[in-house]
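Written below as structure tokens is the structure these notes are about.
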Amino acid sequence: MKSELSNKFFDTYGQQPAATYFTPGRVNLIGEHIDYNGGLVLPCAITLGTWLCLAPNNDQVIRFKSMNFPEEAVIPLKSAYEKEGTGWYNYPLGVFNEILKNFQIPVGFDLLYAGNIPVGSGLSSSASIEVVTAYAITAYLGLDYDRLALVKLAQKVENEFIGVNSGIMDQFAVAFGEKDKAIVLNCDTLKYKIVDCNLGDHVLTIINTNKPRELAESKYNERVAECQAALQALNQEITLNNLCELTADKFALHSHLIKDETILKRATHVIKENDRVNLAAKALNNGDLDEFGRLMYASHQSLKDLYEVTGKELDTVVEFCAAYPEVTGARMTGAGFGGCAIALLKKDAEADFREKLTAYYTEHIGYAPTIYISEIGNGATTI
Ligand code: ADP
Ligand code: MG
């Protein structure tokens, strides 16, 4: 990818790039829909990602080009920016806007992006392009930002400049990811632990359902509200800031306070999923992929029955995986209602899995999924 991008950079801008940077996408291995309940997530960086080549210019402009989108922009250097329409370059423009709050940018930039993360599929191409830009510009100019500062900057861009109300996991995972490691992250306190995640004779398989995610946002907001309702009911007897402060035992003592059956189901998922993350981290620590796989299936089942965010497409993928002997664990990942599932697949079964899953899914859903094989890769880096 690097040399292809360098050549394209030369064709586009008539000079060699001064530097090239990479930031991956991410998957969340387990711990779904609990980040906004003060719970634990367990993401890792993948080997699909976003590359950025840049060179400084003396023209007092920032030139934005991407090999993935036809739209281009040339924007004068200013002291602040506002979002311009819906173009992709708003993601990096938002990053410039944040950096400019703290530092002057002394030169213009010619930028060329290329990515192989499917966009809008829940693998966080948005966090990837934000973090690669923030990492690149601050590294190139030698500005004083550590990784956590870059993560917070990128999340601010997503929330305030782009206007998408998401948590910090995505930016955190793509910045802090490490090869063959996963991150146990408390999204509330930002305390985190890097844990070994050696997949042995397995590969991480990402299955994009290719379902348009039109329901995702409103349903996501509905689930957030339902968890708040559960918290309110429990707070009649105890004082909690977040549902995940409760252990399963304590929850059992107080769950009678939640009278609404749907709200009780949602809260039960949250409490048990948080427990599963702790168990999953232990399983990884013990190198016990079988146990990890069981927890993945249990997570999916809970997201299907109790949290009701899976849908026919994701269920069809996981159903196939559960019956396929060379898959050790599978579940939906991300917000649900479409997007991607992940599976731990034995390496030598890759071709057969692709063929059979594609046939099964197409027969049941009417169109094909896209299957990606990834390793667990590094976070933001200079290449
Ligand atoms: P997700 O983060 O799930 O992939 P989003 O809708 O949050 O989906 O972000 C996708 C958007 O990020 C794209 O529509 C585009 O604006 C921007 N983007 C991601 N990757 C690239 C890229 N390689 N080049 C240009 N823009 C990109
Ligand atoms: Mg996104």
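The values are calculated or read from the model by the stated rules, or taken from the named source; none is laboratory data. Note that this is a predicted model, so its numbers are computed, not measured. Methodologically, a virtual Cβ is constructed for each residue, glycine included, from the backbone with ideal geometry; neighbour enumeration extends over all protein chains shown.
So that you can scan it fast, the table gives a plain yes or no per residue for (1) among the aliphatic types (A, V, I, L, M); (2) within 17 Å of LEU5 (Cα to Cα); (3) crowded, with 16+ Cβ neighbours inside 10 Å; (4) within 16 Å of ligand 1 (Cβ to nearest atom):
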position: ALA45; (1), (2), (3), (4): yes, no, yes, yes
position: TRP51; (1), (2), (3), (4): no, yes, yes, yes
position: ARG63; (1), (2), (3), (4): no, yes, yes, yes
position: PRO76; (1), (2), (3), (4): no, no, no, no
position: GLY94; (1), (2), (3), (4): no, no, yes, yes
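Counted as qualifying within region 10-96 are the strands (runs of 3 or more DSSP E) with 1 or more residues that are among the small types (Gly, Ala, Ser) and touching a Pro at 6+ places or on another chain (Cβ under 7 Å), namely 43-57.
Are there any pairs with C-beta distances below 7 angstrom linking a residue in region 170-196 that is closer than 17 Å to ALA280 by Cβ and within 16 Å of ligand 1 (Cβ to nearest atom) to a residue that is outside any strand (DSSP E or B) and among the hydrophobic types (A, V, I, L, M, F, W, C), with the two at least 6 apart or on different chains, and if so which? Once the first residue is closer than 17 Å to ALA280 by Cβ and within 16 Å of ligand 1 (Cβ to nearest atom) and sits in region 170-196, no partner that is outside any strand (DSSP E or B) and among the hydrophobic types (A, V, I, L, M, F, W, C) comes close enough. When you look at GLU363, is it in a helix (DSSP H, G or I) and out of contact with any helix residue (DSSP H, G or I) (no Cβ under 9 Å at 6 or more places or on another chain), yes or no? Against the criterion (in a helix (DSSP H, G or I) and out of contact with any helix residue (DSSP H, G or I) (no Cβ under 9 Å at 6 or more places or on another chain)), GLU363 qualifies. Kindly provide the set of residues from region 121-166 that are within 11 Å of ligand 2 (Cβ to nearest atom) and either within 11 Å of the chain's Cα centre (by Cα) or among the basic types (Lys, Arg) (or both), ordered by number. Listed by number, the residues that qualify are SER121, GLY122, LEU123, SER124, SER125, SER126, ALA127, SER128, SER166. Does GLY38 qualify as being over 30 Å from ARG266 (Cα atoms) and at pLDDT below 95? Here the answer is no, as GLY38 does not meet what is asked. The sole residue among GLU84, GLU98, GLU72 that is over 17 Å from PRO118 (Cα atoms), within 22 Å of the chain's Cα centre (by Cα) and either of a type in the set (D, E, K, R) or exposed (fewer than 14 other Cβ atoms within 10 Å of the Cβ) (or both) is GLU98.
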